[in-house]
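Colleague: Sharing a structure, written as structure tokens. Questions coming.
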Amino acid sequence: MISFSPGPSQVFPQLPKYFQEAFVKDILSANHRSRTFMNMYQEVIQLFKEKLHMPDDYQLLFTSSATENWEIISQSLTIKGTFHLYSGAFGKKWFDYAKHIHKSTEGIKFDPEQGIEPFKVDIPLDTDIVCLTQNETSNASEVNMETLTEIREKAANKLLAVDATSSMGGIELDFSLADIWFASVQKCFGLPAGLGVLILSPKAVQKAEQIGEIGRYNSLNFMLENARQYQTHYTPNVLAIYLLQRSLQDREEIQFTDRKLRGRMQELENIVASKDKFRYLNKFPEQRSRTVLGISGTESMISEIKAAAEKQGLVMGSGYGSLKNISFRIANFPAIDDEQFEKLKGFLKEF
């Protein structure tokens, strides 16, 4: 079966090779204080700079998931509370999660088809961080870099945190526009779930140092103390980090992946536009995700197309939350090869 689910999603076909390499090289039993691990951590940082264009002075940390990053941000970088701009279920989850830690947390829901209008947003003076989800997987919408630039300018004296879980590794992100970026590897990185990454600007690191250590396990200062030695503060998923390292070694620079995925999405959108029975989940092209295509319809049509796809060996992603029964989603992720993509196009054209 070929999975077009937006997560956990299709993994890169090279994974069996990487697994075997990890076994032969004793990576599976490598101590996270060992030179082997420290070299691997250091190279992953370098690969993020070379392949994903992470700025030289930004810090990369390993976590267990994007969800864990929500707690780290609220615990180690927040005193007064965070301010959330969200349009869908995942942005709302982050907002609700943060409220459990800081009751003063505030948020504004915006229309995913209209997008964020920065000039209309009033950012509370006493908030520490402005938070947004760059790619909202639940409704297949995105906040593009132009809008993010406007938000950065409006929130110049705040930290800006971005959830890029379903876009990092797929489209080119301008990391300099925000202070905190995070993702999990089971989407555009094409790897099994179980590893998260957290990227911090010097400004975010300085903020953590000013606040001091709160707690221990998810204390950013404790994590940074270890990261400066290319180590982690706990025994991490060493295999997942090795898979991330190897996959990044074999991948092209992000601008080429970005160009390919945008071209593929245009092809998919052309097919949808040519079919009377299909409707975009988001009607406005400028607000649509480039890595997740959302299609809406009646419950019967959604059930029919998912069943027909499965007979062809294609797994479509279900809708999410309140959209579960009236939509399906197609992942446009790098791990999907050209042959698989052509099979998807052929199915959609014939349905």
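Colleague: Scan the stretch 1-54 for residues that are at pLDDT below 95, closer than 30 Å to F347 by Cα and either touching a His at 6+ places or on another chain (Cβ under 6 Å) or loosely packed, with under 15 Cβ neighbours inside 10 Å (or both) and jot them down.
Modeller: M1
Colleague: In the stretch 187-194, is there at least one residue being surrounded by fewer than 22 Cβ atoms within 10 Å (Cβ to Cβ) and assigned to a helix (DSSP H, G or I)? Break it down stepwise before answering.
Modeller: To start, the set of residues in the stretch 187-194 that are surrounded by fewer than 22 Cβ atoms within 10 Å (Cβ to Cβ) comprises 192-194.
Checking which are assigned to a helix (DSSP H, G or I) leaves us with none.
Within the stretch 187-194, not a single residue is surrounded by fewer than 22 Cβ atoms within 10 Å (Cβ to Cβ) and assigned to a helix (DSSP H, G or I).
Colleague: Enumerate the helices (runs of 4 or more DSSP H) found wholly within the stretch 1-103, keeping only those where 2 or more residues are in contact with a strand residue (DSSP E or B) (Cβ under 6 Å, 6 or more places away or on another chain).
Modeller: Working: elements: 15-24, 35-51, 66-76, 89-101.
Counting at least 2 such residues, we get 35-51, 66-76, 89-101.
Colleague: Can you tell me how many residues in the stretch 114-146 are over 16 Å from K158 (Cβ atoms), within 20 Å of the chain's Cα centre (by Cα) and either of a type in the set (D, E, K, R) or surrounded by fewer than 23 Cβ atoms within 10 Å (Cβ to Cβ) (or both)?
Modeller: Result for the stretch 114-146: 6.
Colleague: Just one of the numbered conditions (1) more than 23 Å from the chain's Cα centre (by Cα); (2) in a loop (DSSP other than H, G, I, E, B) is not true of N221; which one?
Modeller: (2)
Colleague: Follow-up. Condition first: part of a helix (DSSP H, G or I) and not aliphatic (A, V, I, L, M). Now tell me which residues in the stretch 130-161 satisfy that. Lay out the reasoning, then the answer.
Modeller: Initial filter on the stretch 130-161 (part of a helix (DSSP H, G or I)): 145-154.
Within the stretch 130-161, E146, T147, T149, E150, R152, E153, K154 meet the criteria.
Colleague: Next question. Exactly one condition in (1) in contact (Cβ under 8 Å) with a residue 60 or more places away in the chain; (2) surrounded by fewer than 16 Cβ atoms within 10 Å (Cβ to Cβ); (3) part of a helix (DSSP H, G or I) is false for A204; which is it?
Modeller: Failed condition: (2).
Colleague: Here's another thing I want to ask about it. Q249: polar (S, T, N, Q), surrounded by fewer than 18 Cβ atoms within 10 Å (Cβ to Cβ) and either touching a Ser or Thr at 6+ places or on another chain (Cβ under 6 Å) or closer than 23 Å to L47 by Cα (or both), yes or no?
Modeller: Against the criterion (polar (S, T, N, Q), surrounded by fewer than 18 Cβ atoms within 10 Å (Cβ to Cβ) and either touching a Ser or Thr at 6+ places or on another chain (Cβ under 6 Å) or closer than 23 Å to L47 by Cα (or both)), Q249 qualifies.
Colleague: Let me ask you something else. So I79 ticks every box in (1) within 23 Å of Q206 (Cβ to Cβ); (2) modelled with pLDDT of 95 or more but one. Which box is left unticked?
Modeller: The one condition I79 does not meet is (2).
Colleague: May I pose another question? Within the stretch 101-123, how many residues turn out to be out of contact with any Asp or Glu (no Cβ under 6 Å at 6 or more places or on another chain), touching a residue at least 24 places away in the same chain (Cβ under 8 Å) and at negative phi?
Modeller: First, the residues of the stretch 101-123 that are out of contact with any Asp or Glu (no Cβ under 6 Å at 6 or more places or on another chain): 101-117, 119-123.
With the extra rule that they be touching a residue at least 24 places away in the same chain (Cβ under 8 Å), the set shrinks to 101-102, 104-108, 110-116, 119, 121, 123.
Filter once more, keeping what is at negative phi: 101-102, 104-108, 110-114, 116, 119, 121, 123.
Residues meeting the conditions: 16.
The values are calculated or read from the model by the stated rules, or taken from the named source; none is laboratory data. Treat the numbers as computed from the prediction; the structure is a model and nothing was measured. Quick reminder, even Gly has a Cβ in these numbers, built from the backbone with ideal geometry, and neighbours come from all protein chains shown.
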